[in-house]
1. Take the Cα pairs of segment 178-336, get the Kirkwood Rh, then feed it into Stokes-Einstein at 4 °C and 1.567 mPa s and tell me D in µm²/s.
2. Which order do you get for D130, D84 if you rank them by accessible area with a 1.4 Å probe, largest at the top?
3. Would you tally the net charge around D131, using a Cβ to Cβ cut-off of less than 15 Å, leaving D131 out, and scoring K and R as +1, D and E as -1?
4. What nm value, rounded to one decimal, do you get for the distance between A293 and S263 when each label is placed 7 Å out toward the C-beta?
5. Taking R0 as 56 Å, what FRET efficiency do you get between T201 and A156 from their Cβ-Cβ distance, rounded to the nearest 0.05?
6. For K328, go through the lysines and keep the ones whose alpha-carbon is under 16 Å away, minus same-chain ones fewer than eight residues off.
7. Would you compute, from DSSP H runs of 4+ residues alone, the mean residue ellipticity of the chain at 222 nm, taking -39500 (n - 2.57) per run and dividing by the full residue count, rounded to the nearest 500?
8. Distance cut-off 26 Å, Cα to Cα: go down the list K68/K163; K146/K222; K169/K222 and report the pairs above it.
Amino acid sequence: MTEPIDTLGRPLRDLRVSVTDRCNFRCTYCMPREVFGRDYQFLERSLLLTFEEITRVVRLAAGLGVTKVRLTGGEPLLRKGLPDLVAMLAVVEGIDDLTLTTNGSLLARDAVALASAGLRRVSVSLDSLDDATFMAMNDAGFPASKVLEGIDAAAAAGLGPIKINMVVKRGVNDGDVVAMAERFRGTGHIVRFIEYMDVGTSNGWRLDDVVPAAEVLAAISKRFPLDPIAPNYPGEVANRYRYRDGGGEIGVIASVTRPFCGSCTRARLSAEGSLYTCLFATSGHDLRARLRAGATDDDILDTLRSIWTRRGDRYSEIRSEATAGWQKVEMSYIGG
Ligand code: SAM
Ligand code: SF4
Ligand code: SF4
């Protein structure tokens, strides 16, 4: 079967699957409490894709060239029985990289079950080691020490080396960058410093809040000299750097200052089964209705193929005033 190529020559290789739109954190840059408050209407359970439906989409997407699947959310570990889904996806032919992004809060509870189910790796988000800063960012009173416990549990369960994602926001946690690098040097884990992005419409993003990756690298290399290293594979999102003294590596994800749309091979499946061809999309393609209306595998394959071949997204490259008024979907819904 020929693999679909989009209008900019990009194949479909990665699928990010959001398994829930709920989260036990209220990170100010993602689900600000003013918007995602007590009255916020999250999706009803019957609207979420079932594990069987997700597995079917993944199996069909694998036939079109997808080799990497990342489970995300919201907070994926809030979805009941997630290890069962991992077990179902771990045996899908063609998927050679199955990972999970989590805020780490429930990882100490779930790491062994996830690893036993066939998960190979996890990425854990941690924005600061300083409790006052971290709690101000997660807005849920959650201490950094608990995330560190989750990271240790995941490493002990064989889910390492672990990627630790830190979103850097000007005037909030930019002073913690070097401490974060230092804490994980020599552990084998890889900290990835992420530029704060203008996803969704509720986080009040301003360009002034973005700390360019170049600034992060300059701060770290002043203390611990760094050398750039080659990507692990073409189109890798993070730019990699190695400590000159052998202390391991870090990465930076410069989605704002150095966009990488040209090599973007990712699609996103929302928790309710809409397919999005860009993180900054304004609308998705409803697969759930088709799945539940009895579509055959060929019907779904045709749908996926036609969505992908029409894709022309390159938001980060054209980010400008012209796109400022777009009503983009929220990251907690579409999956990070
Ligand atoms: N709840 C899980 C977590 O936090 O890891 C998974 C979902 S979360 C949406 C996925 C990733 O997106 C996290 O690493 C988070 O820090 C990142 N993220 C969320 N909003 C962001 C923003 N505005 N800019 C950059 N990264 C963001
Ligand atoms: Fe939740 Fe992750 Fe968003 Fe934070 S970044 S609010 S942990 S989904
Ligand atoms: Fe891919 Fe859209 Fe991000 Fe560009 S802006 S890298 S097309 S998800």
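The values are calculated or read from the model by the stated rules, or taken from the named source; none is laboratory data. Note that the structure is a prediction, hence the values are computed from the model and not measured. Glycine gets a Cβ as well: all are built from the backbone with ideal geometry, and neighbour counts include every protein chain shown. With ligands, DNA and RNA removed, areas are computed over all heavy atoms of the protein, side chains included. Shrake-Rupley method; radii C 1.70, N 1.55, O 1.52, S 1.80 Å.
1. 72 µm²/s
2. D84, D130
3. Numbers: positive: K146, R183; negative: D127, D130, D139, E149, D176.
Summing Lys and Arg as +1 and Asp and Glu as -1 gives -3.
4. Simple spin-label model gives 3.9 nm for this pair.
5. Working: r = 40 Å, r/R0 = 0.71.
Computed FRET efficiency for T201 and A156 comes out at 0.90.
6. none
7. -8500 deg cm²/dmol
8. K146/K222
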